[in-house]
Each structure stands twice: as structure tokens, then as C-alpha cells.
Amino acid sequence: MADTFQVLIDGHEAIAHEGETILDVLRRAQVETPTLCTHEHLTPAKACRACVVELKGSRALVASCERKAEPGMEVRTDSERVQNARRGVFELLLSQNDVSTAPALAAQAESVGADPGRYRGQRYEKGFFDDNQLYVRDYDKCILCYRCVEACGPDVQNTFALTVSGRGFDAGIAAGFGESLPDSACVFCGNCVAVCPTGALMDRREHSLRAEGRWDEERYDVVQTTCSYCGVGCQLELHVDRASNEIVKVTSPMDHSVTHGFLCVKGRYGYSFVEAGGD
Amino acid sequence: MHSPVLLRRQDAPARDLEAYIASGGLAGLKKAREIGPEETVRMVTDSGLVGRGGAGFPTGRKWESVRTAKDPERYFVLNADESEPGTFKDRQMIDVDPFLVLEGVLIACFATHATRAYIYVRGEYRREADLLQRCAAELGAAGYLDGLGPEGHALAIEVRHGGGAYICGEETALFRSIEGYRGEPMSKPPFPTVAGLFRKPTAINNVETIANVPDIMSRGAAWLRSLGTERSPGVKLYSVSGHVGRPGVYELPFGVPLRELLDLAGAQQDLQAILLGGAAGTFVFPQDFDMPLSYEGAQQRHATLGSGALIAFDHETNLWRVAERLGSFFAHESCGQCVPCRVGTRRQHEMLEALAEGDGRGSERDLLVRLSQVMTDASICGLGQTASTAVRSLIDAETKGLLAV
Amino acid sequence: MPEDDREIRERVRGLISETGRERTQLLEVLHKVQKEFRHVPRAAAEAIEQEMLVPVAETYGVVTFYDLLSEKPVGRKVLRICEDVTCSLHGSEQLAAQAEQLLGPEGAQSRNGEVSWTRCACLGLCDKAPAALCDEEPLAPLTSAAIRKIGEDHA
Amino acid sequence: MENTDLIILWGSNAREAHPVMFHHMMKSIRQRGAQLVVVDPRRISGIEFASLHLPVHVGGDVALANAVGHVILEEGLENREFIARATEGFEAYREAVEKYRPEDVEHMTGVPAGKVRQLARMYAQADRAILCWTLGITEHHNAVQNVHALINLALLTGKVGRYGSGLAPLRGQNNVQGGGDMGALPNRLPGFQDLTDPAARKRCEDAWGLPVPEKVGKHQTAMFKAMADGEIRALYIIGENPVQSEANLHHVRGLFEGLDFLLVQDIFLTPTGEMADVVLPASASFAEAEGTVTNSERRVQRLRPALKPPGEARDDLWIVEELAIRMGVPGWTHRSAEEAWDELRRVSPIHAGMSYRRLEELGGLQWPCPSEDHPGSPFLHARLWENPISGKRAPFVTAEHEPTAEQVDAEYPFMLTTGRRLADYNTGVQSRHYAAPHGHREVLEMCEEDMDRLGFQEGELCRVSSRRGKVEVQVSRSRKVRPGLLFMSLNHPDEVPTNLLTLDATDPVAGTAEFKATAVRVERVATQGADSHPVEEAAQQNA
């Protein structure tokens, strides 16, 4: 193929395709790479720096999620610098965030050998926002990966209800003009919830069940079906509690061409009619 | 004794066009128009001029990429967002010779076929911004912008006001700011000359850099090389403050020993140290005061000239307290985009606070070094990458027993 | 003095039409809004959304990013006291403490909304440290007497 | 939708009614620089992304489309090669649009001629363009004419039958396409086959072992007429709520009351169900039943059960089969959804290749899909680009402007148009059960100028009256409507039965009613002061 070329990864040759990022190549070559902010359907935010690699000719490390592969690139993921930087990123995050609902983050931190007690200091205290019936925002868990902002904004929803506000350690996600979600432009599609990697954004149903100690993914079946509303044909994943015969959550498959994991308010939250009694 | 070049109008500032022309102004622009863009760029390249903002990139090469870019839409940006702590030479430069700066801008736009020029002045420099605005209008009214814009039109110059964010001195953040966004840096590559402002080829220069250009044109490339050292041709502006008798802006050819600059500024004979290059610079101790002030001279001593800021500290000064101030600055100015910088600058500041108060746990120094490596390697932009440089140099000095307090 | 949102929107529309509706003019428009209303109110962001197509949330993100803009009202006069290296060598901390005493807590308006003060990053006035900026005017070196005068004139 | 250069939303509030489809449109706009044009009386949501808005008069669509066609011809932008090779009836069309010079028909279209010309050029000159419409086109008494007028534009410019270029009616319900495909239309057999086609009829008769009637049946409007005439005395309704969803409800209610026997099969006891003699509780097709649905792009996708249905609710398929069995029809048994589907595949050539296994593996298939090795058809009418063309030529069908059935006048000075809002759906049977943060409530959308002129405060209760009925509703300031134009949804019929106002002037072919154009008058409810009244109270007054 004309648009493929070779790059060197940790001394081994690998094939890259035109337009691919270094991360794409790493994944295909099965080089395990931690990532937090990158998402298959969103613009790389290159913000978390978990996926940094050493690139010959580049002074600083580069974010593999964003940097496009080029012919002849020499990439190292196994160097002390890379390992140290990745470990550092996770240690900094662990010093800041509550990761109790982010098992993937915790697992990646462990896999890079991060010491959760390395840094002490002020925790991220951005508050818990409970201002609507559909989902809650627990920003102590936010790692500022920008995914929600991108999903709400130009990458998917184009609603622009969310923004990054402030600067530095005080930076955080805000809705509208720093107000409640219902007062902002939010249309409650929940696509921000769908892409949140840490559980900072969570459907109310899940949040309540967790609070009551009744959230148990072991008990849930996931059934894929088609949405019951308009004619677009969105694919839904119904998470069903076998025991109580209840839908506890609705998501959408990331790999389906109609939805790419994204839904609207009715598709994601408008399912309760099947459980409602006649009225 | 060096007679000033950039600051030659220091004692008789030319703040109107007539005075500027009367004192020899606009000869560089005239020359550029005579020889054309290609030759203009060549002269700048031959002069060996490199960026004075801190990064030290060859100006001619930057211009050449933009001049030869395929996209007809391209921009010139003057970076007047001087915000590096301890730095005030661009303000002085604009104040004493605004037309010299603007003449440099016109030559740059002419040489790069710029569609439009943006002058981004830090928001706190309102007076200087107004001055540039007025002078640009004067140039326009007198017809000096005619034919410099696209398709023979007059060049449009827009003065923009920063919002009070150090990060916007970083060129990609500055672009975002002009575009109307949060000043969050973008990754490089692509470099500004390929995809800069509005993702178009863009030449961006610092005020001091651009002020060199008119003289390079009127006096020739060799003239600049006749000043300074072989590897650092020309002159440099230094902002000197702190424990010195005569704080202010000083102009010296490259290669003059640091000691000489300190003497000029009336520093005490037994300083404890200086901070050279601003917040992202390094501490330099008396044993290195013989250091030649040139890019290569600084590099040899593991220091950096940076923006040319020099803050002097006497023996009473607790340098950890100074470091704490630097830490506070970076924590406040981090844009917050990437983890190493957002969290790292905060953790660094917290540890520096403890050290400044003398109640550190003892492990801070090791941890600061460790953190420094993460920030330097993994941050998106220069802010995070250099936020610990001064701290590292302080730790090194402490190890060597150079600290007074 | 609470402004009528409709009136704010109308005045901001005027500021936009004299500045330009393109996104690139956002910061310039916000500077003008800040100057006129001493902060960027939500109603201004609404007008910006309608006229410049910049979403309200993005305006909020921009306003909170830049130190010279604020989403909450500041005083008619704003004193910024530099707290960086050179100025702290020359006693800026004591001056800030004095400002707190005379003008009230940092960032907040004095009781009649006349004056507020804040610490800030290096102002590029290090040769005249300790430095401050009073609105757009440099106040360097800043003295206790100057702070006292501001307090007396405005607080 | 992601690979086109121009998207025209003509009478389609896609961002609210088809939000995820709008994601795809935005991808085209953002990543490819595609342009968006909105043709709509309202400034609909998402208009900020449009490069052009044509604020067409309610009911001015044929005149506008013809004016666009006029400009294309006047400026020689038509695709002559395509017209000559693949179409017929062009000369009559040319003659018909001759008189629709945009400047001359501004009073019909409401659109400044300059904008009409701009759209004509954009559409004709775009490499690829998709023309989307929804109920803004079809809920009119001349719906079919409206659709033809749009099709004519695609034929005129060759914007059909190519990837990224075509005509896209966006379906409002998850299986409105599938229902038609399955033959739930009076003139169609399963697989959208023409009832009058003997070959198609024979295929069905062979599979079913029964004769298929040759006579085309009645669409809903004709059925209503037959009910009025006493010709239809009994009705079996599955999953519809006509006593709330139809226009001119007072009239509809009367028709239902006059029936001898009404059987309603639904997942809820709807107001229609409340009138029924027998109600059969069905399991929800969503989440409780097995089967397929077909979306707007003809993509057949699976429905899978996730929950056990409540009480004695049974699957629709089971109920129909059980009825047949109890009525003694020979040969009927209970079958699985897949067995029923496989029977369809035998009688419908366009579905023949869609086994459950393939639907599963491929995430759905778009018809036609004639065989198991066929990949499905992402777009239709590619044959129009064959040279020479195979099969029938595509006909221009000339449409002429007709005013809306009802016009504004001194007594009813406002034009009310209706539609759907994002958080709600149709008569609210499904959507009212979840907690919407902005509430499920109805308002009358009115522009600021009209509110000021009439002295209305935000949220004030007002009375909206048409020649057929009146409702009370809170008035709300809206930037979407212009002076003289009002908007309401049909989503909250229990509180605000908007369809008491609408009229049942219907399209003679399709039978759809003109929900989009009702002349109304708005008055303040002269009670105590300006305090707003709860909507519930208003509803009680209506009940």
C-alpha cells in the first residue's frame, strides 16, 4: 500500500498508515500504552500526558495520542524517561483526585508503578453538583481530560454547554456561565457522561444505586437494541438487572456507525416508560 | 563603553513620526523596499539575528519559511506580551522608540508578504499599546503602510490587548488568545511558520528582536556581526532589578562579562546570587559572575540568558523564599491544560512554601528533583517544561554550599 | 446598581458593533465590557452568543482564564499589587497586608463598590519596585501613603 | 450525511427531532466544511451553524422550490446530461416554473429573491448535496405536491443516486419506514411491493396459501371518512393514539364514539384505549419484544428483549397469531420473531439477504439486500447514472403553489405551526415518564415583539383559539418565531391538547393533515392579574 511506511518502536520495525497517530501504531503493535484523555471519537486533548513517548529528535516527550506517525520515526516507550514521566503523571493525579469510581485509571496507575503516596498536598475540591434529575457531577473526581467539553462541543453534540474554566490548579469544568446545568445550554444528552473516564459524571440512577450500595455490575446483562423514538435508529445497550427486571443504565456501542456511542436525551434517559405502570 | 543601538533614542525618545524620520528613521524600510523581500530575508539571515524572547531561533529562517509558504494567507505577529518576571525591556523599548519597533514590523511584513500584522501587547501595558496604536496610525496616515499589504493594498496593523496571562507569551497560546479563545498552548509541530495564527503560516517575533531589524537593513548584515561574539552577534537588552543601586534596562553587546553589567547597574560587591533569565531562568552565584553574557557563554555555565532579566539578591535574602515566589508564579500562571504542569506546579509550590518556611520534611529536595524531571519531560509547552529550572539550579547550589541563609 | 439584563445586552451589542463580530475580537470586546460594567455579566455573554456566535460557556471559560477579566463585579477602581520576586524583595507583602487592612479582603469590593484590590503577577515595573497598577496607570514605587490615599478617596 | 458538501434542511427541525442524525451533519460541516442551509419558517435550533436561512412562509414550499428551479434554469445551472438521459417530463416542468421568478413570488414564499437565487446556485453548483425534509413538508394538505417539488430539484441538478448526494426524508418514528416496508400501507405488500403488481401478489399468495385482495385499501383519512359515512363500524388499533394525535380532535372523538366495536392493542391504556370495547395489553416492542425496525436510511436493525413484560402483557406477534388461531384460521401457529422475519424474506426480494445472523454481525443492513452475499445499499437510485439508463426514467411531476387551507385574517391573525420538542415525543405516551430537567410542559412560543405588542409577560396564561377549538397555555418568549408566527408542540395533549386547534384538511393522495398551518387568535385569560396559572388548571378547564 502506498500510504504505509515503517517506524521504529523500541528498536523494532512497525508498520504505520498515513494519518495514524503514534498511539494507533503502538496499539496495533500491542505495545501497552496508558491513556486517559484520548477517546476514539474525540479530538486528542493531549492533556493527561499518560501516553507520552520519547521521539528521536524531539527535546521533550511527545503525546502519542496526538502526534501523527511519520516515516522513519524512532519511538521509545521503554526508556527510563518515559516510564518516569508516566509514573509521575499518575502519581500527580493520585495526589489530587478521588479515583474510587475510576478503576481503569487505578489499574493503569498500578501498571506503571505509580506510588499513590508520592506527593501530598491540596486535593482537588471542585464540588459535587446535584442540580438535575438525570446526572450528577462530582468534580473531585475530575482529571480535566477535556472529553466532556469536546463531546458537548465541536466533536459531537455542538451544544457548548460545558467549558474549561479558570486556570492552573483552579481550572475545572463549568456549565454555562458557571451555573447549574438546567440554567446552561445543556440538553441532557448525557454524551459527556458517556465519555467521562473517572465517574466524575454519572447517571443519577447509577449514582443512587452506588450510594445505596446496590450497584453491582456482576448482576447486569447488557442487551443491545434499537431506540424506540425517532427514525435515526440509534443502538442502545440496556444494562438490565436480572434480579429486579429493571434497566439501570443505557449506553451505546462505540463501534456502531449510527451512534458511535452517542445518544440524545430520550435515547439515553427516556426508557422508563417500559417500566411504568399504566396511568 | 558601548554606545547604545536599540536604545539610542533613550534620552530623546521619538514619539512622533517627524522626529523619528529626522533622526534617521525609516531608512531600513526604504532599503528593504529597494532590495525586495527575498534579499531582505537574506540580510536578516546573514546578520545572524536570533530571537531575543528566550528561545533563540534564527529570525531569518523563520521569515524564509513564511515568505516561501504556499498559502497566500499568512500573518506577522509581534509578541509584546512581555510577562517574564523581572523583565521590562520591551516596555522600555516601545516607550523610547515605538517607531523603531514598528519599522521592524513593517519590514517583517514586507519580507514575509504578510496578509496582516497583529501586535499583541500584554493587557497591563495599556499605555504602550496606545502608543503603538497611535504611531501605527501615523505611519498609515503618512502612507508608509501603502503597498505592504496583500495585492498592493495598505498593510493592516491590529493592536491587540492581552488579558493578563503569562502563558500568552507562549506563541501558540498567544495565537489562541488573538483568535478569541483561552490561551491554551497547542502542540508543536506544526510550527507557527507552517500553521500558526488561524492555522496559517505565521512569523512571530519578540519586540527586542524586531527592533534590531531596521538597523540590519540600513547598516548591513555585517554590522550586526561586528557587535557581540561570533556565535551571538549583536546586542542584548537586560532588565536589571533587585538589590542593585541603579535598576533599569541596559544594552550591551553579547560577550560582556556578567560582572560588568552588575557594576553598571550599581550592584553591591558581595551579592549572594542573581536570578538570570527570569522565572524560567537559573540562579547564578558569584563564582560564575565572570560568565560572558552570550548564548554560548551562558550555556557553558548551565545557565540561560532567557529574556535577559537579572534580579540581584544580597546575603540577607532567603533564596528559598525567592524560589517560593517563583513557584507561586508558575502555579498561578499554568494554563491548567496538562497534568504535569497543572498539578506539578501546585505540588512544587507547596513544597517550596515548606522549604521557605523552614518546616520541610526533609524529602522535599529529592521530590522536587523527581517532579522537575516529570514536568520538564511531559509538559505540553515551555511553561511546564521550565517551571522547575530555577529550583533545580537552587538545589544544585545548596548542595555545593553556596546559599547564604 | 443592578442593571437590567435587556439593557446590558443592548449596550454590549453596541460594543460589539464598534469592535467587530468575528470571534477573533472576543478579547477586545470583553475588555470593553469589563471596563463598562466592571465585570462580564451573563447578559453580556448572551449578547456575545447572539452577535458573535460564541457560546455562553466559552465566554465564561475565556473570562475566567484571564486575570484582567472577571465574572463578578470588581471595584470602580482596581489596585493590582505585584507579588513577584523583585517586588517582594522590596516589601510588596507588607503593602498587600496594608491594602487588606485599608481596602478590605482581596478581590472583593469595598462597601460602596468603589475600589477593590488584588495581588498580581509581575507587571514589568521591576525597576521601580514595589510596583502596582491602579486601573491602567502604573503606581510605582507603591507606598503606604498611596494605598492610604486610595482608601481615603474611594473606600 | 458525513460525506456531502451541502445539507439542506427543508421543513426539518433535525437538531431537536433527530439529534443523533444532526451529529452526522455537524461532522460534515466541521470536518469537510460542508454548508448547511435551513429552509424553515422558524429559526430552528442549530441555525447558528447554517450559512443560509430561507424563512419560508408556512405553506410556501412549492412556490419556493419552483422559484429555485426557475433560477437554476434561468442561469443554465441544470444538469442537462442527467435530465436528458435519466428523466422525463422536463419540458412540462420548465414551462411550469417559468412563472415562478423569485422576485414575482416573494408574496408566496416570503423569502427575499436574493436568498432564493443564492440557494439555487449553492445547490446546483455543489458537487454533492443532500436535501432533507421532515414533517414541515409532509404535514400539509398538499404534502405530495411539496415532495414532488423537492424531488424535481434533485432531478434538475442530478443530485440523486450518488454517494453523499440525494433526497432524505427523515423519519419521525423508529419504525415508520419499517411499517411501510412490511406492507402496513393500503397499497403495498411486504417489501414495499405494489399491491397491483400480479407477480408480487402471487409471491405472497404462494407463501400464505391465501388469496390477496386486489383492491387498494383505505388510508387513515379515508378510513375516518368511511367511519363518518357508517361504512366502517369496527376498528382494530395497534399502538396508536389517534384521539390525541390527529388533527381536529373534537371531530375525531365523535367518529370513535360512533363505532360499534373498538379493539385497542397497546402497551398503555391510552385515551384511545379508554374508549375501546376490548383492550389487549401488549408487551413493549422496545426492551420487551424481539424483532426488527427500519430506520430513515432503510437500515434494518434488531430489537431485542431485555425485560420480562409486566402482568399478562403479550407480544404483538403472539396476540395477532392468537386472534387468528381463536378465529379458526387454518394453518396458524405461534412462531418466533425470526420465523416471521424469514417468511418476510421469502416474499420480499429487497429483504431476502437479511438473515438475523447477518443483521447481528453487520450491525444492520440497508435494503435492497436481495441475497446473503449482498452488502446492502447505502443509497438508492444509482441506476439513474447508468448509460443508458436501465428501467424507468425518473419523472418530473409538476407541482403548483396552493395556499394553506386556512389563512390568517382579522379574526384569526396568527399562523400557528406545530412540531416536536427535543425532550418530548409525539403524544408523550413514551416520553412523559422520564424526568426531564426542563420539565415536560407545553408553552406557546411567541416572539418578543408580539409579546410586547399584546402586553404578555413571560409565563402568562393565554387562550389560543382556532375555528375548531381553544386551549389555554403559558406564553413564552422565543427567538425561533417571527412576528405573526406561533409554535406549539403536540407532546402534552393531557395538559394542552394542541390538536383541538389544528384542522383536518388532508392531502388527497397521502391523507396527511395540515398540522403545520392553523389560523389562530391569542387572548389573555382575563382573570386575576398577571400571575401565571398552573398549566394543570388550564387543562382542567379544557377537559
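The values are calculated or read from the model by the stated rules, or taken from the named source; none is laboratory data. The structure presented is a predicted model; accordingly, all values stated were derived computationally and were not measured. With ideal geometry, Cβ positions are generated from the backbone for all residues, glycine too; neighbour counts draw on all protein chains shown. Quick note on the areas: whole protein, heavy atoms, side chains included, nothing else; ligands and nucleic acids left out. Shrake-Rupley method; radii C 1.70, N 1.55, O 1.52, S 1.80 Å.
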Taking segment A:5-52 and keeping residues open to solvent by less than 40 Å² (accessible area, probe 1.4 Å), assigned to a strand (DSSP E or B) and of a type in the set (Val, Ile, Thr) leaves A:VAL7, A:ILE9, A:THR21, A:VAL52
Is it fair to say D:ALA113 is touching a Lys or Arg at 6+ places or on another chain (Cβ under 9 Å), under 19 Å from D:PHE396 (Cβ atoms), away from every other protein chain (no Cβ under 14 Å) and modelled with pLDDT of 95 or more? no
Which of the helices (runs of 4 or more DSSP H) found entirely inside segment A:165-279 contain at least 2 residues meeting this: within 30 Å of D:ASP494 (Cα to Cα)? A:204-211, A:265-269
Residue by residue through segment C:75-90, note down the ones that are under 16 Å from the mean Cα position of the chain (by Cα) and open to solvent by 30 Å² or more (accessible area, probe 1.4 Å). C:ARG76, C:LYS77, C:ARG80
Restricting attention to segment C:92-103, and to residues there that are within 13 Å of chain B (Cβ to nearest Cβ) and not polar (S, T, N, Q), which single residue is farthest from B:GLY163 (Cα to Cα)? C:GLU93
For segment D:108-172, which fully contained helices (runs of 4 or more DSSP H) count at least 2 residues that are under 23 Å from the mean Cα position of the chain (by Cα) and crowded, with 19+ Cβ neighbours inside 10 Å? D:135-138, D:143-157
Can you tell me which of B:GLY25, B:GLY48, B:GLY53, B:GLY60 is buried (at least 16 other Cβ atoms within 10 Å of the Cβ) and over 19 Å from B:VAL105 (Cβ atoms)? B:GLY48
Number of the condition not met by D:GLY136 [criteria: (1) at pLDDT below 95; (2) out of contact with any strand residue (DSSP E or B) (no Cβ under 9 Å at 6 or more places or on another chain)]: (2)
Taking segment B:202-232 and keeping residues more than 20 Å from B:GLY25 (Cβ to Cβ), open to solvent by less than 10 Å² (accessible area, probe 1.4 Å) and not aliphatic (A, V, I, L, M) leaves B:THR202, B:SER232
Going residue by residue through segment A:218-235, is there one that turns out to be away from chain D (no Cβ under 14 Å), of a type in the set (Val, Ile, Thr) and in contact with an Asp or Glu (Cβ under 9 Å, 6 or more places away or on another chain)? no
Touching a Pro at 6+ places or on another chain (Cβ under 7 Å), at pLDDT 90 or above and of a type outside the set (Phe, Trp, Tyr): which single residue out of D:THR417, D:THR398, D:THR404, D:THR427 fits that description? D:THR417
Just give me the residues in segment B:5-22 being part of a loop (DSSP other than H, G, I, E, B) and over 15 Å from B:VAL101 (Cβ atoms), in sequence order. B:ASP11, B:ALA12
Do any helices (runs of 4 or more DSSP H) lying entirely in segment C:10-121 carry at least 2 residues that are closer than 22 Å to B:GLU158 by Cβ, and which ones are they? C:26-37, C:42-52, C:56-65
Which strands (runs of 3 or more DSSP E) does segment D:227-285 wholly contain that include 3 or more residues that are away from chain A (no Cβ under 14 Å) and surrounded by 14 or more Cβ atoms within 10 Å (Cβ to Cβ)? D:234-238
The strands (runs of 3 or more DSSP E) lying entirely within segment D:444-527 that contain at least 2 residues which are over 26 Å from the mean Cα position of the chain (by Cα) and over 22 Å from D:ILE44 (Cα atoms) are D:461-465, D:518-524
Please name all residue pairs, on different chains or six or more residues apart, with Cβ atoms under 8 Å, provided the first residue is in segment B:331-347 and is more than 7 Å from every other protein chain (Cβ to nearest Cβ) and the second residue is β-branched (Val, Ile, Thr). B:CYS341/B:ILE380
Restricting attention to segment A:63-86, and to residues there that are in contact with an Asp or Glu (Cβ under 8 Å, 6 or more places away or on another chain), open to solvent by 10 Å² or more (accessible area, probe 1.4 Å) and assigned to a strand (DSSP E or B), which single residue is nearest to the other protein chains (Cβ to nearest Cβ)? A:LYS68
Every pair of residues 6+ apart whose Cβ atoms lie under 6 Å, when the first sits in segment B:142-160 and is assigned by TED's automatic domain parsing to the domain that holds B:LEU131 and at pLDDT 95 or above while the second is among the β-branched types (Val, Ile, Thr) and surrounded by 15 or more Cβ atoms within 10 Å (Cβ to Cβ): B:VAL159/B:ILE119; B:ARG160/B:ILE178
Is segment A:143-151 home to any residue that is touching a strand residue (DSSP E or B) at 6+ places or on another chain (Cβ under 7 Å), buried (at least 22 other Cβ atoms within 10 Å of the Cβ) and in a helix (DSSP H, G or I)? yes
Which one of the conditions (1) assigned to a loop (DSSP other than H, G, I, E, B); (2) within 10 Å of chain C (Cβ to nearest Cβ) does B:GLU73 fail to meet, given that it meets all the rest? (2)
Within segment A:189-197, identify whether any single residue is surrounded by fewer than 20 Cβ atoms within 10 Å (Cβ to Cβ) and within 12 Å of another protein chain (Cβ to nearest Cβ), and answer yes or no. no
Tell me which residues, restricted to segment C:91-104, are touching a residue at least 40 places away in the same chain (Cβ under 8 Å) and crowded, with 20+ Cβ neighbours inside 10 Å. C:SER92, C:LEU95, C:ALA99, C:LEU103
Please find, within segment D:290-315, the residue that is surrounded by the most Cβ atoms within 10 Å (Cβ to Cβ) out of those that are part of a loop (DSSP other than H, G, I, E, B) and touching a helix residue (DSSP H, G or I) at 6+ places or on another chain (Cβ under 7 Å). D:ASN295
Any hit, segment B:79-96, residues being away from every other protein chain (no Cβ under 14 Å), open to solvent by less than 10 Å² (accessible area, probe 1.4 Å) and either within 25 Å of B:GLY183 (Cα to Cα) or over 13 Å from the mean Cα position of the chain (by Cα) (or both): no
Criterion first (closer than 17 Å to B:HIS332 by Cα and within 10 Å of chain B (Cβ to nearest Cβ)) does C:ALA121 satisfy it? yes
Matching residues in segment D:492-516 - criterion: being polar (S, T, N, Q) and either assigned by TED's automatic domain parsing to the domain that holds D:HIS148 or over 18 Å from D:THR221 (Cα atoms) (or both): D:THR498
Within segment D:314-339, how many residues are of a type in the set (A, V, I, L, M, F, W, C) and under 16 Å from D:LEU210 (Cβ atoms)? 7
